[in-house]
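Readers should treat all values here as calculations from the given coordinates under stated rules, not as data from a laboratory. What you are looking at is a predicted structure, and each value in this text was computed from that prediction instead of being measured. With ideal geometry, Cβ positions are generated from the backbone for all residues, glycine too; neighbour counts draw on all protein chains shown.
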Amino acid sequence: MSDLHKITIHEAHKLLKEKKVSSVELTEAVLEHLHKVEGKVRACVTITDKQALEYAKAADKAIAAGNIKPLTGVPALIKDVICTKGIRTTCSSKMLENFVPPYDANVIEKLKADGYVIVGKTNMDEFAMGSSTENSAFFVTHNPWNLDCVPGGSSGGSAAATASDEAIYSLGSDTGGSIRQPAGLCGVVGLKPTYGRVSRYGLVAFASSLDQIGPITKDVTDSALIMNSISGYDKRDSTTMPCEVPDYTKALKSDIRNVRIGIPKEYFVEGMQPAVRKAVETAIQKLEELGAKVDRNVSLPYTEYALAAYYILAPSEASANLARYDGVKYGFSYRDTTNMWEAMEKTKQYGFGAEVKRRIMLGTYALSAGYYDAYYLKAQKVRTLIKRDFEKAFGQYDVLVTPVSPTTAFKIGEKVDDPVQMYLSDVCTLPINIAGVPAISIPAGFVDGLPVGMQIIGKHFSEEMLLRVAYAYEQATPWHTKKPTIA
Ligand code: GLN
C-alpha cells in the first residue's frame, strides 16, 4: 500500500485490526518516508530503526494473539525531553548528549503497555526553553510548509515530524505553549492537558508547576486516543489527580449546539498579523454556524501581566531544577581542572547554551534575597489573579476560543537576536499554563501557505469539552486533510 505513512492512528488501527497491513509493514513504510524527508525537515535527534522493528514485531505477535488496542503497532516519535529506557534522551542539550535513561517515563510505560512502536526522539529547544527549536544545541528543525521557516517550539521536532508524516503521531511537552504553538505553526493538533492529568514522572523538569506532556496528532480523534492511553494518576507524581480517566473518544460528537463560547479580547494582541486575526475570526464564525453561542465581549483583564509573570516563574523554577547538572552524577562533565568548583563552573559553562544560561540567571536573580518579594512573590500573586480571571470566565462559558500565536511561522534566524520578540510568540498560550487549565490547538486555515491555529481553552479536567468543540470544527472544515509538499 503506498502512502501508508500518511494515515492517522485510527486509520492505522483499522488496517491492523482487519489484518490488511502488519505493524512491521506500517513501520517500514513510515521509516522509509522518514529517511526520505528527514534531511530537509531535520526533526529527529535519534532515529531508532532497530528498536522500531523489534517493537513492531512484538505488536504483530500481540495482534495475531487477538490482543490489539488502539495504539498497538502504530509508530510514534517522542520529544527528547521524555525519558526512554535504553534510548538516549538529550533534551537537545550538550549537557545530556550521551545520557541514556535507566528507566521509562510514566507515559512511555503506558504507551508500551498499549503496544506502541517508537521510531525515534525529536528535536527541541534546549531543555524546552524556546519557541522556534533554534535553541537546540544540535541543529535547527524546519517547518515542512516552508523550509525557510521555523516549526515553532519547543516541541518543534514533534510538530514538524507529525506534519510531514515522519510518524503517525508524537508526544510533546508544554510549559508555556510548547505543544500548542508548534502544532499551530505546523498545521497539526496539539493538546496541553490539565495540570495533573498526565504524570510528569520521567519528564525532564523545566518549570515543574507548569510542565505537562501531551499529544501532537494529525487529527482530533487521534488526540483523544492518546489521552486515553497517557492520562491518569501516578503515585510517583504527587501532582497527578486520582480522578477517573474517561473514554475521551466518547466526546467526539459533531454536535456543539448551545455550547457557550467566550472570545477574550485580550488575546487579539497588538501587533497581531491581520490575516491571522481574520482566519481566527472566520473560524469563530464557523463555530457559530455550527450552533454554538458565541460572546465576543469577554475580558480576562489580568492577561496583560501573564507574559511578565511567566518569565519570572518559569526561570525561577528552571534555575532550581537545572542546578542538578553539575557534572557529578550524570551528563556532561568538564574534567580538565584542578578543583571541584572549577569543574562545576566549566561543566555549566560548556554544557548549557545561551538561552538556558539566560533563564538560570533570570531565575536565580528573581529568587535571591532582597529581590524575592519584588519579583517571585509578586509573580505568584499575579498567578492567582490570572487563575481567578479564568475561574470567573468559566462560570459563564464552556470554552474560550483564541488564536494560538499572533503570527504564522516566522523565518529561521528572524528572532534569534531578540529574546523579547521570541517570548511574545507565546503570549496567547502561556496564561493557560499559569492557570493550569487545558487547551487544544487545531488547524484553522492558511495564510500565504502557512498554517494558522485556533486555541480552545476549558476549565480544569474539561478535555472532553475541548475535544468535542475541536472535533465539530474539524469535521466541518478541510484543514486537517491538507499536507505539505516537502520540496
Ligand atoms: N516558549 C516558552 C518558553 O521558552 C514556552 C516553552 C515551553 O512550553 N516549554 O519558556
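Key figures
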| read-out | value |
| --- | --- |
| Cα-Cα P(r), region 403-487, percent of pairs per 10 Å interval | 15, 39, 34, 12, 0 |
| For the chain, share of DSSP beta bridges that run antiparallel, in % to the nearest 5 | 70 percent |
| Entries in Lys387/Lys411; Lys192/Lys278; Lys6/Lys94 that, when Cα-Cα distance is taken, lie over 27 Å | Lys387/Lys411; Lys6/Lys94 |
| Estimated dipole of region 22-92 in Debye, rounded to 20 [Cβ of Lys and Arg +1, of Asp and Glu -1, Cα centre] | 240 debye |
| Packing-based order for 77-86, 62-71, using average beta carbon neighbours within 10 Å, highest first | 77-86, 62-71 |
| Residues of region 347-384 with amide N under 14 Å of a point placed 7 Å along Cα→Cβ from Ala323 | 360-361, 363-369 |
| Positive-pole candidate from Met361, Thr282, Thr303, dipole of region 272-400, charges at beta carbon | Met361 |
| Spacing of the two label points (7 Å from each Cα toward its C-beta) at Tyr233 and Ala487, in nm | 5.5 nm |
| Charged-residue dipole, Cβ positions (Lys, Arg, Asp, Glu), the chain about Cα centre, Debye nearest 20 | 640 debye |
| Nearest-20 debye value, region 1-152 charge dipole, Cβ charges on Lys, Arg, Asp, Glu | 400 debye |
| Region 40-88 versus region 391-408: alpha-carbon centroid distance in Å | 35 Å |
| Segment Ala275-Ala354, extension gain: residue separation times 0.36 nm, minus the distance between their alpha carbons | 25.1 nm |
| Label-point separation in nm, Ala113 to Val447, each point 7 Å along Cα→Cβ | 4.3 nm |
| Asp255 paired with Met241, simple spin-label distance in nm, labels 7 Å along Cα-to-beta-carbon | 2.6 nm |
| Residue-span extension gain [Asn339 to Lys381] - 0.36 nm each, minus C-alpha spacing | 10.9 nm |
| Which of Ala58, Tyr116, Ala137, positive extreme of dipole for region 58-167 (C-beta unit charges) | Ala58 |
| Estimated [θ] at 222 nm from DSSP helical runs (n ≥ 4, -39500 (n - 2.57)) normalised by residues in the chain, nearest 500 | -11000 deg cm²/dmol |
| At 0.692 mPa s and 37 °C, Stokes diffusion of the chain via Kirkwood alpha-carbon radius, µm² per second | 148 µm²/s |
| Packing-based ranking, highest mean first, of 296-302, 184-190 given that Cβ atoms within 10 Å are counted | 184-190, 296-302 |
